[in-house]
Amino acid sequence: MIDLGLAGKIAVVAGAGYIPERAGHGRLCSLRLAQAGASVACMDVDAARANEIADEVRSLGVAALPIVADMTDQADVARAFDEADTALGPIDVCVDIIGGAKWAGVLDTSCSDWDWTLRNNLSHVFYVFQAAARRMAATRRGGSIIAIASVDGIHAATMHAPYGAAKAGVISLVKTFAAELGCHGIRVNAVAPGNVGTGNEDQPDNQWAVNPVNPLAPPRTRDVANAVLFLASSLAERVTGQTLVVDGGASSRDLWGIDETALQRFIDGD
């Protein structure tokens, strides 16, 4: 059995609670870390959600602490991390999954939607990264910090430009925090999901290329959580400043739609 190096570690998951009709990245990431042996501080703006996921984590035989906090408020972030540190001990892993999009074309996007999107997808990531990194650096134990970015931060974000700009900012923050914090043994990475939607957990196994978007298959929430688990683990102890794309191969597609039929037409001179 491979040791992931997470047994007895302390993890913080910001946005740990499950929101119906959302993918549930926070919930699955919390459970994956718990299954690997980590205790989890389950942070969420909603008390019921925080308590629900904390109960699920405890059912796996590790400690869990529900913390109610607004991650868009820098002072509340600091208070939440202090609470986690006091109750569970110095943190080793921090995962930030919070985010959301407002939909409109670039000509119709309002200033209020722009401000909301950056606050909820980028500014709070800086607050969480900074709070986690300060505590990790002080303990001199190293650590792993992970954010959920998006392929929309790498490619166009049609009809939700502020979200794409914010996620591109997250990818940049990851690189800068990694560059500055490597001397403390702190690794900083991101996972960029493709179109996970509400989770895609109902996708049948062993069926490939089921749509024209994903050459392999649509990514599921569990695939994103597994990528987070990898980056949190000792398997990735020399990986930092990276964004791991989990999109079922969608972003690997060529721009021109060349397939076997088109190739044959080229060969035949059509």
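Nothing in this text is a laboratory measurement; each read-out follows from the coordinates by a stated rule. These numbers were taken from a predicted model, which means no experiment stands behind them. For neighbour counting, all protein chains shown are included, and Cβ atoms are generated from backbone atoms with ideal geometry for every residue, glycine included.
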Select from region 170-253 those GluC sites (Glu not before Pro) which occupy a DSSP coil region and have at most 15 other Cβ atoms within 10 Å, ordered by residue number. E201, E237
Hey, in the GNM for the chain with a 10 angstrom Cα cutoff, which one of D247, D223, D76 fluctuates hardest? D76
Would you list which lysines come within 29 Å of K102, measuring only between C-alpha atoms, while excluding same-chain residues fewer than 8 positions from it? K167, K175
According to a simple spin-label model (label point 7 Å from Cα along Cα-to-Cβ), what is the distance in nm between V239 and D259? 3.1
Calculate how steeply helix 25-35 sits against the longest principal axis of the alpha-carbon atoms of the chain, using the helix alpha-carbon long axis, and give the answer as 0 to 90 degrees to the nearest 10. 60
Top mean-square fluctuation among S252, S234, S172, Gaussian network model of the chain, C-alpha springs under 10 Å? S252
Count neighbours as other Cβ atoms within 10 Å of each site's Cβ, and list the GluC sites (Glu not before Pro) in region 1-74 that are DSSP loop with at most 15 such neighbours. E21
Could you calculate the FRET efficiency of W116 with K175 from 1/(1 + (r/R0)^6), where r is the beta carbon distance between them and R0 is 30 Å, rounded to 0.05? 0.75
Using alpha-carbon coordinates, inclination of helix 161-181 to the longest axis of the chain, degrees: 50
Where in region 1-106 are there chymotrypsin sites (Phe, Trp or Tyr not before Pro) that are in a DSSP coil and have at most 16 other Cβ atoms within 10 angstrom of their Cβ? W103
Pull out a ≥ b ≥ c, the square roots of the eigenvalues of the alpha-carbon gyration tensor of the chain, then state rounded if a/c is under 1.5, prolate if not and a/b is larger than b/c, and oblate in the remaining case. prolate
Helix-only CD estimate at 222 nm, as mean residue ellipticity for the chain, using -39500 (n - 2.57) per DSSP H run (n ≥ 4): -12000 deg cm²/dmol
